[in-house]
Amino acid sequence: MDLATTTANDSEELSWVSKRWTADHVSHSSHSDELHALADFVEYNCPARDAMLVWVTDSESAMWSVNKGRCFESSGEVVLNRVLQRCDQYRLQIIALWVPRELNELAD
């Protein structure tokens, strides 16, 4: 999974994080996998506090889950709760934007 973030000082510079799934990772769905990438970012790489976090994704279902604050599938709900708890802790407002896969030049 590749995660792109802007630095906390509103700089134009981008930093990239690339990670592999751990050997014990169990994929329940591509939807929950997309949310895992977001959860990893807010738990380990997010420098922002008291801010709005804009997440751009090519997963329309994950975008709707983040914006509605709930998931249909239980595996996604568990991961989304981690994201929202961390956002509460860091006082982040989160909004997800969807870019169709064929137009998303930054994904994957």
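The values are calculated or read from the model by the stated rules, or taken from the named source; none is laboratory data. Here the structure is a predicted model, which means the values were calculated and not measured. Virtual Cβ from ideal backbone geometry, glycine too; neighbours counted across all protein chains shown. In case anyone asks, the SASA skips ligands and DNA or RNA and just uses the protein heavy atoms, side chains included. Shrake-Rupley method; radii C 1.70, N 1.55, O 1.52, S 1.80 Å.
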Among the residues of the stretch 42-54, which ones are surrounded by 13 or more Cβ atoms within 10 Å (Cβ to Cβ) and among the acidic types (Asp, Glu)?
-> GLU43
Of the residues in the stretch 88-98, those that are open to solvent by 40 Å² or more (accessible area, probe 1.4 Å), of a type outside the set (Asp, Glu) and out of contact with any Ser or Thr (no Cβ under 7 Å at 6 or more places or on another chain) come to GLN89, ARG91, GLN93, ILE95, LEU97
Subset of the stretch 64-81 that is among the polar types (S, T, N, Q) and either open to solvent by 50 Å² or more (accessible area, probe 1.4 Å) or touching a residue at least 60 places away in the same chain (Cβ under 8 Å) (or both) - its residue that is farthest from VAL42 (Cα to Cα) | SER74
Does GLN85 count as in a helix (DSSP H, G or I) and either open to solvent by 100 Å² or more (accessible area, probe 1.4 Å) or in contact with a strand residue (DSSP E or B) (Cβ under 6 Å, 6 or more places away or on another chain) (or both)?
-> yes
Answer yes if at least one residue in the stretch 55-63 is of a type in the set (A, V, I, L, M), open to solvent by 50 Å² or more (accessible area, probe 1.4 Å) and assigned to a strand (DSSP E or B), and no otherwise.
-> yes
